[in-house]
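Novice: Starting off with a structure, shown below.
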Amino acid sequence: MIDTNYVILTVASVDFSYRETMTKLMSQHSKDLIENAGAKGTRFGSIGTGEHAGGLIFIQFYDDLNGYQKAMDFQSTSPIFKEIMNSGKANVYLRNIATSLPTKFENSNEHPKYIVITRAEAAMSDKDKFLNCINDTASCFKENGAITLRFGNLLTGSNVGNYLLGVGYPSMEAIEKTYDELLPHSSYKELMTFAKVNMRNIIKIL
């Protein structure tokens, strides 16, 4: 997937009996957003660990916020979205907009099977230092199997100003290998001196 400037993250609680139906509906809704509303890509998955475990997450990628506005307008008239909302079995309780800053990681077009989202608190004055640490460790992610990597700041919703790192993987094994290599890395150790991780979730893509 090409790099984009904004990422929209929406989390919902969904009745277990409705999950299979919602997964099918969201697959079509994702195609509609890409074909008709300016989305550059989407991901839909189940949050397996950490904060919001058990919820479903929908991730959208846009070049600019005008694209997201177009998607919202489209969504308001979408019969698929109305079907989901009228079911009474899905409750959206979180929506965040995040920036996506340029990194040295070359994203693949391959679809990941898992995404690890890490949220951290650090001073805005540390943005360049934070980005440098991410770039210094980019090869560690790539060499151990990571497919995609995006880094930015939360602009809206909960935890505004926090930093967000989302990394896509082909397997749980790749996640394990990456963190085994990452923990002793000098730039990761430096990062931990000024950034406080307050969330890490593993998402299984559906």
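The values are calculated or read from the model by the stated rules, or taken from the named source; none is laboratory data. Remember, it's a predicted structure, so these values are computed and weren't measured experimentally. Here the Cβ is made from the backbone with ideal geometry for all residues, glycine too, and neighbour counts use every protein chain on show.
Novice: Of these, G157, G145, which one is modelled with pLDDT under 95, within 18 Å of the chain's Cα centre (by Cα) and outside any strand (DSSP E or B)? I'd like the intermediate steps shown before the answer.
Specialist: Details: G145 fails: modelled with pLDDT under 95.
Exactly one of G157, G145 is modelled with pLDDT under 95, within 18 Å of the chain's Cα centre (by Cα) and outside any strand (DSSP E or B), namely G157.
Novice: Regarding the stretch 84-91, can at least one residue be identified that is touching a residue at least 12 places away in the same chain (Cβ under 8 Å) and out of contact with any helix residue (DSSP H, G or I) (no Cβ under 7 Å at 6 or more places or on another chain)?
Specialist: Yes, there is a match, as at least one residue in the stretch 84-91 is touching a residue at least 12 places away in the same chain (Cβ under 8 Å) and out of contact with any helix residue (DSSP H, G or I) (no Cβ under 7 Å at 6 or more places or on another chain).
Novice: Checking the conditions here, which among G166, G152 is over 18 Å from G50 (Cβ atoms), under 15 Å from the mean Cα position of the chain (by Cα), assigned to a strand (DSSP E or B) and touching a residue at least 60 places away in the same chain (Cβ under 8 Å)?
Specialist: Working: G166 fails: over 18 Å from G50 (Cβ atoms).
Exactly one of G166, G152 is over 18 Å from G50 (Cβ atoms), under 15 Å from the mean Cα position of the chain (by Cα), assigned to a strand (DSSP E or B) and touching a residue at least 60 places away in the same chain (Cβ under 8 Å), namely G152.
Novice: Keeping to the stretch 111-142, report how many residues are touching a Ser or Thr at 6+ places or on another chain (Cβ under 8 Å) and either small (G, A, S) or modelled with pLDDT under 95 (or both).
Specialist: Adding up the residues that qualify gives 1.
Novice: Can you name the residue in the stretch 181-206 that is more than 15 Å from the chain's Cα centre (by Cα) and of a type in the set (S, T, N, Q) and, of all such residues, is farthest from I57 (Cα to Cα)? Step through it out loud before you land on a result.
Specialist: To start, the set of residues in the stretch 181-206 that are more than 15 Å from the chain's Cα centre (by Cα) comprises 181-198.
Then drop every residue that is not of a type in the set (S, T, N, Q), which leaves 186-187, 193, 198.
On the way: S186: 33, S187: 30, T193: 30, N198: 18 Å.
Checking each candidate, the answer is S186.
Novice: When you scan the stretch 170-180, do you find a residue that is of a type in the set (S, T, N, Q), outside any loop (DSSP other than H, G, I, E, B) and either within 20 Å of L56 (Cα to Cα) or at pLDDT below 95 (or both), even just one? Explain how you work it out, then say what you get.
Specialist: Our first condition is that a residue be of a type in the set (S, T, N, Q); within the stretch 170-180, this holds for 171, 178.
Within this subset, residues satisfying the condition of being outside any loop (DSSP other than H, G, I, E, B) are 178.
Applying the additional criterion that residues be either within 20 Å of L56 (Cα to Cα) or at pLDDT below 95 (or both) yields none.
No: the stretch 170-180 contains no residue that is of a type in the set (S, T, N, Q), outside any loop (DSSP other than H, G, I, E, B) and either within 20 Å of L56 (Cα to Cα) or at pLDDT below 95 (or both).
Novice: Mind telling me which of the residues G88, G48, G54, G67 ends up being closer than 28 Å to K127 by Cβ and either assigned by TED's automatic domain parsing to the domain that holds N201 or out of contact with any Leu (no Cβ under 8 Å at 6 or more places or on another chain) (or both)? Outline the logic, then answer.
Specialist: Working: G88 fails: closer than 28 Å to K127 by Cβ; G48 fails: closer than 28 Å to K127 by Cβ; G54 fails: closer than 28 Å to K127 by Cβ.
That would be G67, the only listed residue that is closer than 28 Å to K127 by Cβ and either assigned by TED's automatic domain parsing to the domain that holds N201 or out of contact with any Leu (no Cβ under 8 Å at 6 or more places or on another chain) (or both).
Novice: Moving on to the next point. May I ask you to list the residues in the stretch 181-206 that are in a strand (DSSP E or B) and of a type in the set (V, I, T)?
Specialist: V197, I202, I203, I205 - these are the residues of the stretch 181-206 that are in a strand (DSSP E or B) and of a type in the set (V, I, T).
Novice: Output yes when any residue across the stretch 85-99 is exposed (fewer than 14 other Cβ atoms within 10 Å of the Cβ) and either at positive phi or among the β-branched types (V, I, T) (or both), and no when none is.
Specialist: Yes, some residue in the stretch 85-99 is exposed (fewer than 14 other Cβ atoms within 10 Å of the Cβ) and either at positive phi or among the β-branched types (V, I, T) (or both).
Novice: Same structure, new question: Quick check on my filter: what residues within the stretch 148-184 are surrounded by 19 or more Cβ atoms within 10 Å (Cβ to Cβ) and more than 20 Å from L131 (Cβ to Cβ)?
Specialist: Of everything in the stretch 148-184, those that are surrounded by 19 or more Cβ atoms within 10 Å (Cβ to Cβ) and more than 20 Å from L131 (Cβ to Cβ) turn out to be Y169, A174, I175.
Novice: To continue, here is another question. Checking the condition surrounded by fewer than 14 Cβ atoms within 10 Å (Cβ to Cβ) and of a type in the set (D, E, K, R), which residue from D136, D126, D64 passes?
Specialist: Exactly one residue qualifies, and that residue is D64.
One line per residue, one yes/no per condition, for (1) β-branched (V, I, T); (2) closer than 18 Å to G45 by Cα; (3) within 17 Å of the chain's Cα centre (by Cα):
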{"residue": "T103", "(1), (2), (3)": "yes, no, yes"}
{"residue": "I115", "(1), (2), (3)": "yes, yes, yes"}
{"residue": "D128", "(1), (2), (3)": "no, no, no"}
{"residue": "N132", "(1), (2), (3)": "no, no, no"}
{"residue": "E173", "(1), (2), (3)": "no, no, no"}
